[in-house]
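So the structure is just underneath, and the comments pick up after that.
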Amino acid sequence: MSTALSGGICALHLGTFTAYLPLVFMALIGITIGGAVLALSKFLGPRRPDETKSLPYECGMEPIQQGARERYSIHFYLVAILFILFDLETVFLFPWAASFRQPGIDATVKLVLLVEVLLFVGVLGVGLYYVWKRKGLEWD
Amino acid sequence: MNTSMIPLLILVPFLGFLLNAFFGRRLGKSFVTCVGVSAPLIAFVMGAALFSNLREIDSRPVVQLDADIQRRVYDAYSGELARYELVTVHAHGHASQRQILRVDLPYESFVQDALAKNLITQAELDDAEHAEPSERVIVAAGEVAPAAFTFTLGNWFSVGGFEVNFAFLLDRISILLVLVITGIGSLIHIYSTGYMGDRSAGTFARFFTYLNLFIAAMLVLVLGKDLLLMFVGWEGVGMCSYLLIGFDYDDKANAACGTKAFVVNRIGDLGFVLGMLCLVVLGRQAALGELGDGVFSLDVDFLRTLVDHGGSAAAAGEHGHGGGAAGMIGVACLLLFVGATGKSAQIPLHIWLPDAMAGPTPVSALIHAATMVTAGIYMITRLSFLFIDAQVFGIPVLGIVAVIGATTAFCAGAAALAQDDIKRVLAYSTVSQLGYMFLGVGAAAFGASMFHLVTHAFFKALLFLGAGSVIHACHSQSMSKMGGLKDSMPWTFKTMFVGAFALAGFPLLSGFFSKDLILFQVLARSNVEGASWVWALLYGMGVFTAALTALYSMRLIRMTFYGSYRGSGHPHESPWVMTVPLQVLALGAVLASLLGWPKFFLPASLASWADMLPHSLHAVVAAGPTALMDHDYLVSLEVTGIVIGAVVAVGFCALGFAWLWSLPPSEIAWERPVGWMRRLRDFLFRAWMYDEIVNKRGAQPAVKQLSHWLWRWFDDATLDQGLVDGMGRVGVELSHMARATQTGRATSYLRMFALGAVVLPLLAILATPLFTLLTAWFAGGGTH
Amino acid sequence: MEALDPIQIASKDFKYLLPVMLPALFGLVALVADLFSKSERSRLPLCMISLSGVCLAGFSAIAFWSGAEFSEHLAGTLSTSAFSTAAAMPVLLATFLISLAAAHHGMPTDPKATGWLPHSLSHGEFYGLLLFATSGMMGLIVANDLVTFFVALEVMSIAVYALTGLDRARSRAAEGAMKYFVLGAFSSGFLLYGMAMIYGAAHSVHFSEIAAANMSAGQSSLALVGAVLFLIGVLFKVGAVPFHAWAPDAYEGATTAVTGFMSVGVKVAAFAGGLRVLVALGAGGALNPAVGWLLWLVAALTVILGNAGALTQRNPRRLLAYSGIAHTGYLVIGLVAVSRVFDTSHSGYVTNVGASAQLVGVGVDAVGGVLFYLLGYAAANLGAIAVLCHLERDGEEVDDISQLAGLAKTQPKSAFAMTVAMVSLAGIPCTAGFIGKLWVFRAGVAAGDVTLVVIALLMSVLSLFYYLRIVVVMWMHEPGRGLDGEEQQVVALDHRRWASGLAVGIATALTLVFGMYPTSGILNLIKAGAGSVF
């Protein structure tokens, strides 16, 4: 590196630093604003805690479990994951359907698009079938 | 010609090896016999086919005429039958491009046609035909590179421009060796089926497994175009030799002999490897420098261009005397020669060969007489262009080769005179004869050496197999337990008789011509202008050794076959599978002389037969200074040499008989255990006390002391305690540190990750400006 | 609503996707096939499905990818050349050999016992995940934009996280998988952040456009930070210091076969993908000389820490984990050499105008070295892993190298294979490891980083100790007698385990063949691949 950099460079390049100034300013501004908001709410906001307010849920019901660190059944996660999966499928299918209907797409491209989405749904279908057969959808 | 036959040639014995190795024990002796014997036989047939192809191509019509006659011929045939070609000629150690005129007509019809058309006169034709060979080599404009087949199987590896290919070269030199290896090898295989016949099936299979592997490895050695590939074969035959010397490893002594051979050969191989290393270094320099493309190898062709380049560079005075490329070539050649002394049992590494006789006798015949031990001579001949001008500190390397060869020939010949074990006589004789070959090589008489190699292969294999037959009959190797076998073993006697006389150089037998050709070349060398007295001395040693050779050959015959039987049991003739190879070899030992009858021995009509084998090699090996000598003078020297050789051989054979004949061995002063002769005999029996000197007084204690010293101060103190232990300690400390960071807590891993992820971008951003700042600051501080 | 730019996709382009998609397809097949196979029956059909998927992917990669120049397909999401094929080979080799090696996992030692052990690797999930991960790896190799790169990386990573914890009965596996996952998610964050910055600087996610963007002009710090963050993500995947901490725990926790797959497949794919991005970033002017020195630092730390860490390990998987870190370090030397190509201060050339031919030559050499090194490392490491798989009995794996004591007497073939693997990993001549090291080190020297290569050389001398210790234990100790002379159970030979035996044989043969006679086909592929990168 010494040979790399010493050659020809003797004067100090202020420009090298100025290029990084925006970055420094951005960091400073970020820290300032974040800190300021936290500090303001701490100092300015009224703070009158009572028992009800300190409960985990404020909808008036006593929590059934003693503490939030209790374990849920693993099945919750399984179902949640499966739900996200099919949720995403829907999210993906809507824009697909919307763009599929657009005019001006020729037939072969449409065919390709159709095959693609069928593949996508098919893969998900295989997954569902698999989960089903492996008894992933049963609670016990 | 399908050159892919060349790798097949190697593959056949290798297949034999595989078959015998994997199925031999299970499928029994007859299977092993079939496979083991047919493998070299098939290889021999293939070799013969390749040989005939080579000859056929070589004998295509090539007209060697003056330039104006060539022009006339070319005009007459106007491009259809005649054409100019550029050929690369390898002669005198240099490659050069020459233009030749090739006419596509059989030679005779061309001559008739040309005479009829007045393209050429009879006188001109006579001139061309009767141009002396030595002249032709030097001045003939049309000299053409003889045919050679190369076959490249593929790239082995290439590292940084260093290319190594599986390339094979079949030319006049290697085909000679191929025929010897497979031909004599086949005979020895056949013989072995009888000799090893009484062993168990497993041992039998193991024997032929090794033998076939040996043939394959030897063919790799001989056919390898790349020095490294040659080295693969070189090591392969070394391994087979080791395995076969210690074949009966139940006996510790045999195993020890194998180990000795192996260790001594490793010393030589180190020389070989270092020599190759020198050439690699040289090749790299040349490839990066003037040769250009950055690709270099140990290929024979590349080495040739390297030598040309080095030669021209030296001539241009780019390098100082003895330094630079030329000096490096000298060092490389000397190191390669060290390798050759190991493999070919020359002083100072000759000690393993007599002990190698612990192996079964066919092994001694095949490996330790006919083929493997000649690898050194072959290697130098193959690299003759490299050796021819090589010098180390102004001393020509070939001179060193010649001195070593002559010394070995003499010392081993003398030692052979005093041995009692019949195989040890032959072993020392082999060392001695190899010394002759090195003497010839040293005198740049490569053709003569190869001729002697071939004849020696015949008669020494014959003698070993005969000795094996005798041992087989007497169950003893000691000649004092033999005697009077000529009646009970007629064929063994007759054939060995021929072999012994061939070895002794008895006139008209093969050994006579080949040995005397070498000696004549040495004699001629001593008459070259400016030659030192060393060559005359070497010639004297050679003649003296020839006398010794005649004496010990006669002694062997006398002790073994004449007189009365002194051993136990009733020896009788060996089975036909053993005697037939003996007969064939005996025939060969006589007829091999035809390969090199001197010219003045032959009528003019048979002139083309003269010096056939040596002359066929002229164009492929480098030419020595004797090639420039006056022809008539050379002929006179040759006649002188032949006469001296004949007189010595006949005289000492006769002397040997006269001296040894009438009396029973115990009465002969030489054999009697009294007097000064006994002391001399004892001295020679121990081969000049060389082993004792090496083991007790000289090298071995010195090496021990050195190794102890090295161990104490270098290995133990510096390496073990300093470097290894030190590194180990550092390593263990580092390891503890590394383990300390591996806490097993994911949070600490995350912390480490985050630290790295913050530090690295920061460094990337700040390193350059910081460095610039520091440099500027230091630069400023320096100026103020 | 305004019409979107129609994306032009030629349907014949889909064939370039085959090597990526075929493993995934066969993974699905394996997953479903497992539903129909009875647990007590052999799992070999699943292995066969996996093998055929790998072979088909390999053939299609050779057939469709092996161009001399990179060509873009499917709207520029993929680009393929001989480089892709050369990088795909070790990945597919890993999947192939691990499929074989795991085929008998969970087979009861008692030949009379019916049914296989629960939680064995021969379930459909194992092969499915293996093939999904392979699909991700292949995608990573051919990705031509940052989005594809990220998707492929996640496909690979998530499958590998799951594989790590597959043997969920063992708490170590769960722990290792958790650590790997958490740290992996963390690193993905950096990777994404880096990608965002690169996009900001280059205004494109396509590698070719990133390479053509002149980022050194105005957006240098943005691009630079993006590049470094991106590299951090890649360095995490290959296990380079200081982002290596997951590796020993995950490797030790995972089942041996998975360890082998992770250590080879992930590394190969991440290096191949990382190389392409590095070259694109370099050509686009996003790197400054400091990046080369950062990689230098990472390489030095990685070889030192990897080798030092391996020195005192007795668990073979943990040892291989540290040795894998060390090998990452050697490979990063290749990255250093590549980054030097774009080091403007070295040559005085303006990057975008064109680096000097000599420097590009160094880069090509470095890429070739990395590719060959990966291949040799794959063969040797998988050889060692396959031997360990071969020795597994009743789900009990070799957890201490003492258990290998006297293996040469009880199972000479396995001992020989292990010896070859160790010798190759140590980089001793006549093996693939030696040639790979030589190649990479030579590139390092050519790039001017002699000190780094000397450090690496010293450390590879140190590595001899722990590699050869295994050899010594196998050949010189008595069976049943461990390192400290303690009693050890002798692993008996089981002739029914032909599949893992076959894997051992293939890996050993490849290690020796690549080392002694690197066939010109492979060499040409690697050289062509390396040439196409710049």
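The values are calculated or read from the model by the stated rules, or taken from the named source; none is laboratory data. This is a predicted model, so every value here is computed, not measured. Positions of Cβ are backbone-derived with ideal geometry, glycine not excepted, and every protein chain shown enters the neighbour counts.
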message: Just to be sure I understand the filter: pairs with C-beta atoms under 8 Å, separated by 6 or more residues or on different chains, first member in the range C:1-25 and at pLDDT below 65, second member assigned to a helix (DSSP H, G or I) and not polar (S, T, N, Q). Which pairs pass?
response: C:Pro6/A:Val109; C:Ile9/A:Val109; C:Ile9/A:Val112
Condition check for B:Gly224: within 30 Å of B:Leu303 (Cβ to Cβ), surrounded by fewer than 22 Cβ atoms within 10 Å (Cβ to Cβ) and in contact with a Gly (Cβ under 7 Å, 6 or more places away or on another chain): no
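Among the listed residues B:Leu551, B:Leu538, identify the single one that is in a helix (DSSP H, G or I), in contact (Cβ under 8 Å) with a residue 40 or more places away in the chain and surrounded by 24 or more Cβ atoms within 10 Å (Cβ to Cβ).
Values: B:Leu551 fails: surrounded by 24 or more Cβ atoms within 10 Å (Cβ to Cβ).
Just one listed residue meets the conditions, B:Leu538.
May I ask you to say which residue of C:Ser71, C:Ser66 is polar (S, T, N, Q) and without any contact (Cβ under 8 Å) to a residue 12 or more places away in the chain? Can you show your working first?
Details: C:Ser66 fails: without any contact (Cβ under 8 Å) to a residue 12 or more places away in the chain.
Being polar (S, T, N, Q) and without any contact (Cβ under 8 Å) to a residue 12 or more places away in the chain holds for just one of C:Ser71, C:Ser66, which is C:Ser71.
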- prompt: If we keep just the residues of the range B:156-215 that are more than 21 Å from the chain's Cα centre (by Cα) and basic (Lys, Arg), which is farthest from B:Ser384 (Cα to Cα)?
  reply: B:Arg199
message: What pairs come out if I take residues in the range A:91-119 that are facing another protein chain (nearest Cβ under 8 Å) and pair them with residues that are among the aromatic types (Phe, Trp, Tyr) whose C-beta lies under 9 Å away, six or more apart or interchain?
response: A:Val112/C:Phe14
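For the range B:597-634, give me each residue that is in a helix (DSSP H, G or I) and either at pLDDT 85 or above or under 20 Å from the mean Cα position of the chain (by Cα) (or both).
At the first step, the residues of the range B:597-634 found to be in a helix (DSSP H, G or I) are B:599-601, B:604-609, B:612-618, B:625-628, B:631-634.
B:Leu613, B:Pro614, B:His615, B:Ser616, B:Leu617, B:His618 - these are the residues of the range B:597-634 that are in a helix (DSSP H, G or I) and either at pLDDT 85 or above or under 20 Å from the mean Cα position of the chain (by Cα) (or both).
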query: What do you reckon, is B:Phe157 surrounded by 24 or more Cβ atoms within 10 Å (Cβ to Cβ) and either aliphatic (A, V, I, L, M) or assigned to a strand (DSSP E or B) (or both)?
result: no
field: Residues (more than 30 Å from C:Glu175 (Cβ to Cβ), of a type in the set (Gly, Ala, Ser) and more than 8 Å from chain C (Cβ to nearest Cβ)) located in the range B:726-784
entry: B:Gly726, B:Ala776, B:Ala779, B:Gly780, B:Gly781, B:Gly782
- prompt: Taking into account only those residues within the range C:415-436 that are under 20 Å from the mean Cα position of the chain (by Cα) and surrounded by fewer than 24 Cβ atoms within 10 Å (Cβ to Cβ), which is farthest from C:Ile385 (Cα to Cα)?
  reply: C:Phe434
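Quick check on my filter: what residues within the range C:400-451 are among the aliphatic types (A, V, I, L, M), closer than 16 Å to C:Val370 by Cα and in a helix (DSSP H, G or I)?
Filtering the range C:400-451 down to residues among the aliphatic types (A, V, I, L, M) leaves C:401, C:404-405, C:407-408, C:415, C:417-418, C:420-423, C:425-426, C:428, C:432, C:435, C:438, C:440, C:443, C:445-447, C:450.
Next, from what is left, pick out any that are closer than 16 Å to C:Val370 by Cα: C:425, C:432, C:435, C:438, C:440, C:443, C:445-447.
Within the range C:400-451, C:Leu425, C:Ala432, C:Ile435, C:Leu438, C:Val440, C:Ala443, C:Val445, C:Ala446 qualify.
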- prompt: Can you name every residue in the range C:477-520 that is small (Gly, Ala, Ser) and at pLDDT below 80?
  reply: C:Gly480, C:Gly482, C:Gly485, C:Ala492, C:Ser520
message: Pairs needed: first member in the range B:424-448, surrounded by fewer than 24 Cβ atoms within 10 Å (Cβ to Cβ); second member anywhere, part of a helix (DSSP H, G or I); C-beta distance under 7 Å; at least 6 residues apart or different chains.
response: B:Arg424/B:Pro354; B:Arg424/B:Met357
- request: Scan the range C:163-187 and report the pairs whose first residue is within 14 Å of another protein chain (Cβ to nearest Cβ) and in a loop (DSSP other than H, G, I, E, B) and whose second residue is surrounded by 20 or more Cβ atoms within 10 Å (Cβ to Cβ) and of a type outside the set (Asp, Glu), with Cβ atoms within less than 6 Å and a gap of 6+ or a chain change.
  value: C:Gly165/C:Ala173; C:Gly165/C:Ala177
- prompt: Taking B:Trp713, is it assigned to a helix (DSSP H, G or I), more than 9 Å from every other protein chain (Cβ to nearest Cβ), surrounded by fewer than 13 Cβ atoms within 10 Å (Cβ to Cβ) and modelled with pLDDT of 75 or more?
  reply: no
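Quick one: in the range A:126-140, of everything that is more than 10 Å from every other protein chain (Cβ to nearest Cβ) and loosely packed, with under 14 Cβ neighbours inside 10 Å, which residue is nearest to C:Ala30 (Cα to Cα)?
Let us first name the residues in the range A:126-140 that are more than 10 Å from every other protein chain (Cβ to nearest Cβ), namely A:128, A:131, A:135-140.
From what is left, the residues that are loosely packed, with under 14 Cβ neighbours inside 10 Å are A:135, A:137-140.
On the way: A:Lys135: 18, A:Leu137: 21, A:Glu138: 23, A:Trp139: 26, A:Asp140: 26 Å.
My answer is A:Lys135.
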message: Just to be sure I understand the filter: pairs with C-beta atoms under 6 Å, separated by 6 or more residues or on different chains, first member in the range B:15-38 and among the small types (Gly, Ala, Ser), second member part of a helix (DSSP H, G or I) and surrounded by fewer than 18 Cβ atoms within 10 Å (Cβ to Cβ). Which pairs pass?
response: B:Gly28/B:Ala201
query: Out of all the residues in the range B:741-763, which are at pLDDT below 80 and part of a helix (DSSP H, G or I)?
result: B:Thr741
query: Taking the range B:434-469 on its own, how many of its residues are touching a Lys or Arg at 6+ places or on another chain (Cβ under 8 Å) and either among the acidic types (Asp, Glu) or under 22 Å from B:Ser574 (Cα atoms) (or both)?
result: 2
task: All but one of (1) out of contact with any Lys or Arg (no Cβ under 7 Å at 6 or more places or on another chain); (2) crowded, with 24+ Cβ neighbours inside 10 Å; (3) farther than 17 Å from C:Gly274 by Cβ; (4) within 14 Å of another protein chain (Cβ to nearest Cβ) hold for C:Lys237, so report the exception by its number.
output: (3)
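Taking the range B:163-200, which residues are assigned to a helix (DSSP H, G or I), hydrophobic (A, V, I, L, M, F, W, C) and farther than 17 Å from B:Leu8 by Cα? Before you say what the answer is, go through the steps one by one.
So in the range B:163-200, the residues assigned to a helix (DSSP H, G or I) come out as B:172-195.
Retained after the next criterion (residues that are hydrophobic (A, V, I, L, M, F, W, C)): B:173, B:175-181, B:184, B:187-188, B:190.
Correct list: B:Ile173, B:Leu176, B:Val180, B:Ile184, B:Leu187, B:Ile188, B:Ile190.
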task: Collect the residues in the range B:733-759 that are surrounded by fewer than 13 Cβ atoms within 10 Å (Cβ to Cβ), within 21 Å of C:Ala185 (Cβ to Cβ) and aliphatic (A, V, I, L, M), keeping them in residue-number order.
output: B:Leu755, B:Val758
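Quick grid of which residues meet (1) farther than 28 Å from C:Met107 by Cβ; (2) surrounded by fewer than 20 Cβ atoms within 10 Å (Cβ to Cβ); (3) among the hydroxyl-bearing types (Ser, Thr, Tyr); (4) within 12 Å of another protein chain (Cβ to nearest Cβ):
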{"site": "C:Gly448", "(1), (2), (3), (4)": "yes, yes, no, yes"}
{"site": "C:Thr451", "(1), (2), (3), (4)": "yes, yes, yes, yes"}
{"site": "C:Ala456", "(1), (2), (3), (4)": "yes, no, no, no"}
{"site": "C:Leu462", "(1), (2), (3), (4)": "yes, no, no, yes"}
{"site": "C:Leu468", "(1), (2), (3), (4)": "yes, yes, no, no"}
{"site": "C:Val472", "(1), (2), (3), (4)": "yes, yes, no, no"}
{"site": "C:His477", "(1), (2), (3), (4)": "no, no, no, no"}
{"site": "C:Val490", "(1), (2), (3), (4)": "no, yes, no, no"}
{"site": "C:His495", "(1), (2), (3), (4)": "no, yes, no, no"}
task: Could you run through the range B:39-56 and say how many residues are of a type outside the set (Val, Ile, Thr) and crowded, with 16+ Cβ neighbours inside 10 Å?
output: 11
message: Just to confirm my filter: which helices (runs of 4 or more DSSP H) fall fully inside the range C:279-362 and include at least 3 residues that are within 14 Å of chain B (Cβ to nearest Cβ), at pLDDT 90 or above and within 24 Å of the chain's Cα centre (by Cα)?
response: C:289-311, C:316-341
